[in-house]
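Input: a single structure, listed below in structure tokens.
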Amino acid sequence: MFEISPIPAFKDNYIWLLVRERSALVVDPGDAAPVVDRLESLGLDLAAILVTHHHADHQGGVGELVRRYRADVYAPAAESITGTTCPLHGGETLTLLGESLDVLAVPGHTRGHLAYRCANALFCGDTLFGAGCGRLFEGTPAQMAASLARIAALPDDTLIHCAHEYTEINLRFASTVEPDNPDIRQRIARVRALRADGRPSVPSTLAEEKATNPFLRCAQPVVRAALAGRLAVDAGNVEVFAALREWRNGF
Ligand SMILES: [Zn+2]
């Protein structure tokens, strides 16, 4: 098993560090400097870099890290990522540092967005966030809804390692959609305490997301009711998802 920890970067990014013995993998190194600092302070070598999508805050540090460590770069084949050595489409199973990782195609935020899953740890970039989901920059609502459904079908104890600390603002939106959901109220209190303490609100569990994340709750009558006026009465789950995402964009 990997030992997993976040490396904070920029204003609200998390670069995930996976360590086994004296070797490491990183997911989405948007910046090299905090990764180098952490690797040096722990005396680790970098074996490989995993990239979920092409945005600069997820791949900006790849070039510098490859120069220093000669690490392999696993990244979406469909996107332009600096120094990719192992292009991926989703559906592959990788063996890295003796551990098995599944690659999932989760398009929507970007066209070729990938997620990586190792045992019960999911690294999902900007697809699913704590109590929210990524914006649709390149994909369609149907693609993103299908990607979220793919994640929602994983075991409930899956740990959601997303790439941003957006949980507090997302929970404000969630409680606007569902003001009477006690799980959302309790999560707001938990997350507030963690953040006041300077600790990350992630990873969450998939079970927690299913109970509090409106984007995983499009089939719930209470979520549909909150969208009344923005939706046709016979709208399907993709339309519900699209209307919810639209509402969140203007929130
Ligand atoms: Zn992004």
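The values are calculated or read from the model by the stated rules, or taken from the named source; none is laboratory data. Small disclaimer: the values here were computed from a predicted structure and weren't measured. Here the Cβ is made from the backbone with ideal geometry for all residues, glycine too, and neighbour counts use every protein chain on show.
Please go through the stretch 159-190 and pick out each residue that is aliphatic (A, V, I, L, M) and either assigned to a strand (DSSP E or B) or out of contact with any Gly (no Cβ under 7 Å at 6 or more places or on another chain) (or both). Show your work before the answer.
Within the stretch 159-190, the first condition is being aliphatic (A, V, I, L, M), and the residues that meet it are 159-160, 163, 169, 171, 174, 177, 184, 188-189.
If the condition is that a residue be aliphatic (A, V, I, L, M) and either assigned to a strand (DSSP E or B) or out of contact with any Gly (no Cβ under 7 Å at 6 or more places or on another chain) (or both), then Leu159, Ile160, Ile169, Leu171, Ala174, Val177, Ile184, Ile188, Ala189 are the ones that fit.
Where in the stretch 191-251 are there helices (runs of 4 or more DSSP H), lying fully within it, with 1 or more residues that are under 15 Å from Phe173 (Cα atoms) and more than 22 Å from the chain's Cα centre (by Cα)?
Per the criteria, 221-226.
Yes or no: Asp72 surrounded by fewer than 20 Cβ atoms within 10 Å (Cβ to Cβ) and in contact with a Lys or Arg (Cβ under 7 Å, 6 or more places away or on another chain)?
No, not satisfied.
Phe173 passes all but one of (1) hydrophobic (A, V, I, L, M, F, W, C); (2) in contact (Cβ under 8 Å) with a residue 60 or more places away in the chain; (3) in contact with a Pro (Cβ under 9 Å, 6 or more places away or on another chain); (4) under 20 Å from Ala77 (Cα atoms); which number fails?
Among (1) hydrophobic (A, V, I, L, M, F, W, C); (2) in contact (Cβ under 8 Å) with a residue 60 or more places away in the chain; (3) in contact with a Pro (Cβ under 9 Å, 6 or more places away or on another chain); (4) under 20 Å from Ala77 (Cα atoms), the lone unmet condition for Phe173 is (4).
Which count do you get for residues in the stretch 3-30 that are in a loop (DSSP other than H, G, I, E, B) and surrounded by fewer than 19 Cβ atoms within 10 Å (Cβ to Cβ)?
The total comes to 5.
State which residue pairs qualify: first residue on the phi < 0 side of the Ramachandran plot and inside the stretch 218-229, second residue polar (S, T, N, Q) in any location, beta carbons under 7 Å apart, and separation of 6 or more residues or different chains.
Cys218/Asn237; Ala219/Asn237
All but one of (1) out of contact with any Pro (no Cβ under 6 Å at 6 or more places or on another chain); (2) part of a strand (DSSP E or B); (3) buried (at least 21 other Cβ atoms within 10 Å of the Cβ) hold for His58; which doesn't?
(2)
Can you tell me which condition Glu64 does not meet? The list is (1) more than 20 Å from the chain's Cα centre (by Cα); (2) outside any helix (DSSP H, G or I); (3) acidic (Asp, Glu), and all the others hold.
The one condition Glu64 does not meet is (2).
Just the residues that are on the phi > 0 side of the Ramachandran plot and basic (Lys, Arg), please, taken from the stretch 47-85.
Passing the criteria: only Arg70.
Tally the residues that are touching a helix residue (DSSP H, G or I) at 6+ places or on another chain (Cβ under 8 Å) and not in a helix (DSSP H, G or I), restricting the search to the stretch 140-158.
5
Give the stretch 132-150 a look and list any residue that's farther than 16 Å from Ala219 by Cβ, within 12 Å of the ligand (Cβ to nearest atom) and either without any contact (Cβ under 8 Å) to a residue 60 or more places away in the chain or of a type outside the set (A, V, I, L, M) (or both), or say none.
The answer is Gly134, Arg135, Phe137, Glu138, Gly139.
Look at the stretch 35-60 and say how many of its residues are of a type outside the set (A, V, I, L, M), more than 22 Å from Ala121 (Cα to Cα) and more than 12 Å from the ligand (Cβ to nearest atom).
Number of matching residues: 4.
Out of (1) in a loop (DSSP other than H, G, I, E, B); (2) polar (S, T, N, Q); (3) free of Cβ contacts under 8 Å to residues at least 40 places away in the same chain, what's the single condition that is false for Thr52?
(3)
Could you tell me which numbered condition Phe129 fails, if it satisfies all but one of (1) more than 22 Å from His55 (Cα to Cα); (2) within 16 Å of the ligand (Cβ to nearest atom)?
Here Phe129 clears every test but (1).
Condition first: of a type in the set (Gly, Ala, Ser) and in a strand (DSSP E or B). Now tell me which residues in the stretch 31-47 satisfy that. Spell out the reasoning first.
Restricting attention to the stretch 31-47, the residues satisfying the condition of being of a type in the set (Gly, Ala, Ser) are 32-33, 41, 43, 47.
Answer for the stretch 31-47, where residues must be of a type in the set (Gly, Ala, Ser) and in a strand (DSSP E or B): just Ala47.
Would you check if there is a residue in the stretch 99-113 being away from the ligand (no atom under 16 Å from the Cβ), at pLDDT 95 or above, closer than 17 Å to Ile15 by Cβ and hydrophobic (A, V, I, L, M, F, W, C)?
For the stretch 99-113, residues away from the ligand (no atom under 16 Å from the Cβ), at pLDDT 95 or above, closer than 17 Å to Ile15 by Cβ and hydrophobic (A, V, I, L, M, F, W, C): present.
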